Amino acid sequence: MRNLRFVFVDTLLLIKGELHRKDFTPDKMIYPLSTAQCTRMLKDYLSLFPNQTRYAGPELGYLPSSTFSAPLLPGDTRQEKTAAGEKLTHIFKKINGNLKVLKAAYLESLILVKGGFRPPELSETFNLSKPQLTRDLMVYRKEHPNQTVYDHSARQYIRLDGFTGPVLSQLYGEKNLADKAVDVIQDTSFLRMLDERTEEMIINAL
């Protein structure tokens, strides 16, 4: 979901009316980037969408251009685009900008809602390579033992008797966890839609 960083550019320009590199530093922004990463990201954004923003100097930063349309945010009206940007921001604030947390919450949500999850569900949703997927699952099981086990006959991970959904519980509390799991699945689907939509627009812009 690396394309979401570009969507945050549109979100800041639309909602705040300005953008500064410091907005993306770990202590200021919910999508944290190093200075070098932010510089490359803005360079790429300006190359792909040159008519959306202009640099107004170090004090004002980047401002919306006269033709700014927040193209990476879905919606036909400013209100709809603002709502999408606010939803994106809310999701990332909940996970403190950490997609690792979202992946863990997502797999726990699938276990709660569907009874288990197949590894391809994670790799397809988060665009993970096989080594990345393997590493993420190993890290989760090491950090949260006694939660899930791989069922070879069903070819999916299923819950163990001691399953508590530790990441979900930490994010939302232990009450109504199944309802929160549904929210996480819907939020993740929203982020995937934004990421895939942005990827398509990037390809068309090249």
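Give me the residue from segment 1-39 that is outside any loop (DSSP other than H, G, I, E, B) and touching a strand residue (DSSP E or B) at 6+ places or on another chain (Cβ under 8 Å) and, out of that set, farthest from residue 69 (Cα to Cα). Within segment 1-39, the match that is farthest from residue 69 (Cα to Cα) is 19. For residue 108, the conditions (1) out of contact with any strand residue (DSSP E or B) (no Cβ under 6 Å at 6 or more places or on another chain); (2) under 27 Å from residue 205 (Cα atoms); (3) surrounded by 13 or more Cβ atoms within 10 Å (Cβ to Cβ); (4) not polar (S, T, N, Q) all hold with the exception of (2).
The residues of segment 160-205 that are hydroxyl-bearing (Ser, Thr, Tyr) and closer than 18 Å to residue 148 by Cβ, listed by number, are 164, 169, 188.
Conditions (1) out of contact with any Asp or Glu (no Cβ under 9 Å at 6 or more places or on another chain); (2) outside the structural domain of residue 182 (by TED's automatic domain parsing), marked per residue:
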| position | (1), (2) |
| --- | --- |
| 72 | no, yes |
| 77 | yes, yes |
| 89 | yes, yes |
| 103 | no, no |
| 106 | no, no |
| 137 | yes, no |
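The values are calculated or read from the model by the stated rules, or taken from the named source; none is laboratory data. Quick caveat: nothing in here was measured; it's all calculated off a predicted structure. A quick note on method: Cβ atoms are made from the backbone with ideal geometry, for glycine too, and the neighbour counts reach across all protein chains shown.
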